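*Asks:* One structure, as structure tokens, below. Some questions next.
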Amino acid sequence: MINVDTGYVYRWEDFEFLPGAVGAMRRLSAAGYGLVIVTNQSGIARGMYTEPQYEQLTARLRQALADEGVPLAGVYHCPHLPDGSVAGYARDCDCRKPAPGLLLRAQKELGIDMAASLMVGDKPSDIEAARAAQVGRAYLVGDAQAPADGRFADLAACVAAVVPA
């Protein structure tokens, strides 16, 4: 939803922001929202990349956004997959969306008021996780179908519609 989905991106040189995503995140931050990324990273459990490689990508992402005036309050990831090929990560968990574990962890660690929060996701599992965590509003971007508080073409369109100018 913030980057081009080319499948299991774990190297910075393969990461590409979607058009308008950084500006939309900057606008959310300026409106007083703390920005938190919650992401399933099943590529770790599939053995496609390691958790340290993912963490390197995340560090570069955080720095690139900070350089653009977009601070992140947190980044939370789930490396698990029940049928993953890496034994340490092949399990059911409460953090893989649609389970709300990542959101609830962010709530606890960052002191988030879930009822006053919004979640923007690009998969039905994002909306399900938001509902389970009692997030105030949940928006869907892209082509996925799910009962959400609104559907938009992309993050920029969503933010333009829900954040006062």
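*Asks:* Filter the range 59-74 for residues that are outside any loop (DSSP other than H, G, I, E, B), charged (D, E, K, R) and touching a residue at least 24 places away in the same chain (Cβ under 8 Å) and give the result.
*Replies:* Passing the criteria: only 60.
*Asks:* Moving on to the next point. I'd like to check something: does the range 3-15 contain any residue that is open to solvent by less than 60 Å² (accessible area, probe 1.4 Å), farther than 20 Å from residue 127 by Cβ, among the hydroxyl-bearing types (Ser, Thr, Tyr) and touching a helix residue (DSSP H, G or I) at 6+ places or on another chain (Cβ under 7 Å)?
*Replies:* The answer is no, given that none of the residues of the range 3-15 is open to solvent by less than 60 Å² (accessible area, probe 1.4 Å), farther than 20 Å from residue 127 by Cβ, among the hydroxyl-bearing types (Ser, Thr, Tyr) and touching a helix residue (DSSP H, G or I) at 6+ places or on another chain (Cβ under 7 Å).
The values are calculated or read from the model by the stated rules, or taken from the named source; none is laboratory data. Note that this is a predicted model, so its numbers are computed, not measured. Every residue, glycine as well, gets a Cβ built from its backbone with ideal geometry; the counts of neighbours run over all protein chains shown. We work out accessible area using only protein heavy atoms, side chains counted, and drop any ligands, DNA or RNA first. Shrake-Rupley method; radii C 1.70, N 1.55, O 1.52, S 1.80 Å.
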